[in-house]
Amino acid sequence: MHSKHIDQTPSPARQQTAASAVSAAPARRSRGLKNPAVSAGALLVVGASLLALTGCGNSASGSDSDDGASAAAPPAGNKGGKHLSKLLWMGDSIAEAEAPALGAAMKAGGVEFKSIASAGGGTVVKGEGPTATFADDTFKSLAKAVGSFHPDVIAYQVTTYDWGTPAQQSSSYEHLAKVAKDAGAELVLVSAPPFKIDEFYKDHESAIKSAPKAAEETAEKNADQARFLDASALWGTDSAAAKAQRSKDGIHSCQQGSAAFANWLGQELSKNYSFTPAAADQWAKGSWTGDKVYGQLKCG
């Protein structure tokens with residue numbers, strides 16, 4: 001759902017432009033992008049570090065990125081926190097589009113990365129209708145990944161399919177927290193970026209709005225091993241705004257937005273875990289920018 005299948009690999013010149021813009025960008029964006037899905041070298045603020053990468057993004061690989069740059073400085077991780085050596089990433093097609101950049105950033109920081117994000121599903125919320133089946137499938141994939149990958153941290157981005165009552169959302173997130181705890185992993189729940197509520201999502205708008213609150217409350221109840229990250233600090237709350245960096249479909253991100261997210265999440269993880277994220281210029285121009293997920297929404 002919400003996928004297009006056209007391969008389009010960015011050229012080395014575009015990759016170089018993206019990487020060089022990391023250090024050259026101003027502290028704040030002075031104007032919005034009229035079409036973030038196809039703008040090359042567009043700038044986006046992520047904390048103190050800026051990333052500029054071409055294009056847009058969605059869907060079908062979202063797993064391990066093969067960019068192996070070495071770790072660099074900013075900022076030093078929480079040395080008193082749990083050591084982060086393996087990160088398991090979960091979510092829907094939005095998370096899939098973020099996964100190549102996140103994998104590159106994690107690997108550059110010395111962290112093994114695996115994604116089980118899934119287009120057209122990926123939810124853990126056992127609500128009504130087809131999402132109940134989606135949730136069952138997600139937990140099966142999770143059990144497999146936990147058994148083979150043995151993550152220290154499981155990060156779940158709230159999906160566009162987390163449909164259900166607030167009670168169903170809470171019980172499902174609680175179940176996810178228990179699975180993580182039983183696996184010896186900590187859980188990070190991340191709010192979804194703002195996205196366009198089109199005809200497909202319109203009937204589920206109330207559930208989409210209640211999901212982040214349910215996730216945050218679950219993290220608070222399980223504060224010894226779970227935490228909630230509000231990604232609106234990065235994206236804002238308006239999917240149509242330039243800050244949200246949505247692709248032409250108003251839902252997914254391109255390379256630029258995905259890199260911004262990877263950089264932001266790395267900074268957030270470093271506040272809670274013994275992990276030092278690599279500087280963006282160590283991974284931002286890697287081969288991940290040509291991942292097939294970015295061709296499917298005609299990313300530049």
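The values are calculated or read from the model by the stated rules, or taken from the named source; none is laboratory data. Keep in mind that this is a model prediction, so the values were computed, not measured. As a convention, Cβ positions derive from the backbone with ideal geometry for all residues, glycine included, and neighbour counts pool all protein chains shown. Areas reflect the complete protein model, heavy atoms only, side chains present, ligands, DNA and RNA absent. Shrake-Rupley method; radii C 1.70, N 1.55, O 1.52, S 1.80 Å.
Before moving on, here are some points about what is shown:
- In the set S65, S118, only one residue is at pLDDT below 90 and outside any helix (DSSP H, G or I); that residue is S65.
- Flag set for Q256, criterion: touching a Gly at 6+ places or on another chain (Cβ under 9 Å) and part of a helix (DSSP H, G or I).
- Matching residues in the stretch 106-135 - criterion: being farther than 21 Å from G147 by Cα, hydrophobic (A, V, I, L, M, F, W, C) and open to solvent by 10 Å² or more (accessible area, probe 1.4 Å): A119, A132
- Matching residues in the stretch 267-287 - criterion: being in a helix (DSSP H, G or I) and out of contact with any Phe, Trp or Tyr (no Cβ under 8 Å at 6 or more places or on another chain): Q267, E268, S270, K271, N272, A280, D281, Q282, S287
- Taken together, E186, E220, E216, E199 contain a single residue that is modelled with pLDDT under 95 and charged (D, E, K, R), which is E199.
- Test for Y161: is it closer than 18 Å to A192 by Cα and outside any loop (DSSP other than H, G, I, E, B): no
- Test for A241: is it in contact (Cβ under 8 Å) with a residue 60 or more places away in the chain and open to solvent by 10 Å² or more (accessible area, probe 1.4 Å): yes
- Restricting A183, A231, A219, A226 to those that are touching a strand residue (DSSP E or B) at 6+ places or on another chain (Cβ under 9 Å), under 18 Å from W89 (Cβ atoms) and buried (at least 22 other Cβ atoms within 10 Å of the Cβ) reduces the list to A226.
- All positions within the stretch 117-167 that are of a type in the set (K, R) and touching a residue at least 40 places away in the same chain (Cβ under 8 Å): K126
- In the stretch 136-154, the residues that are open to solvent by 10 Å² or more (accessible area, probe 1.4 Å) and hydrophobic (A, V, I, L, M, F, W, C): F139, A143, V146, F149
- Single match in A180, A214 (criterion: touching a helix residue (DSSP H, G or I) at 6+ places or on another chain (Cβ under 7 Å), assigned to a helix (DSSP H, G or I), within 19 Å of A155 (Cα to Cα) and in contact (Cβ under 8 Å) with a residue 40 or more places away in the chain): A214
- Residue satisfying all of: in the stretch 273-300; among the polar types (S, T, N, Q) and closer than 16 Å to G110 by Cα; surrounded by the fewest Cβ atoms within 10 Å (Cβ to Cβ) among these: S274
- The set of residues in the stretch 196-209 that are of a type in the set (G, A, S) and surrounded by fewer than 19 Cβ atoms within 10 Å (Cβ to Cβ) contains only S206.
- Of the residues making up the stretch 141-158, those that are in contact with a Lys or Arg (Cβ under 9 Å, 6 or more places away or on another chain) and not in a loop (DSSP other than H, G, I, E, B) are A145, S148, F149, V153.
- Within the stretch 165-180, the set of residues being crowded, with 19+ Cβ neighbours inside 10 Å and more than 22 Å from A145 (Cα to Cα) comprises Q168, Q169, S170.
- Condition met for Q255 (open to solvent by 10 Å² or more (accessible area, probe 1.4 Å) and in contact (Cβ under 8 Å) with a residue 40 or more places away in the chain): no
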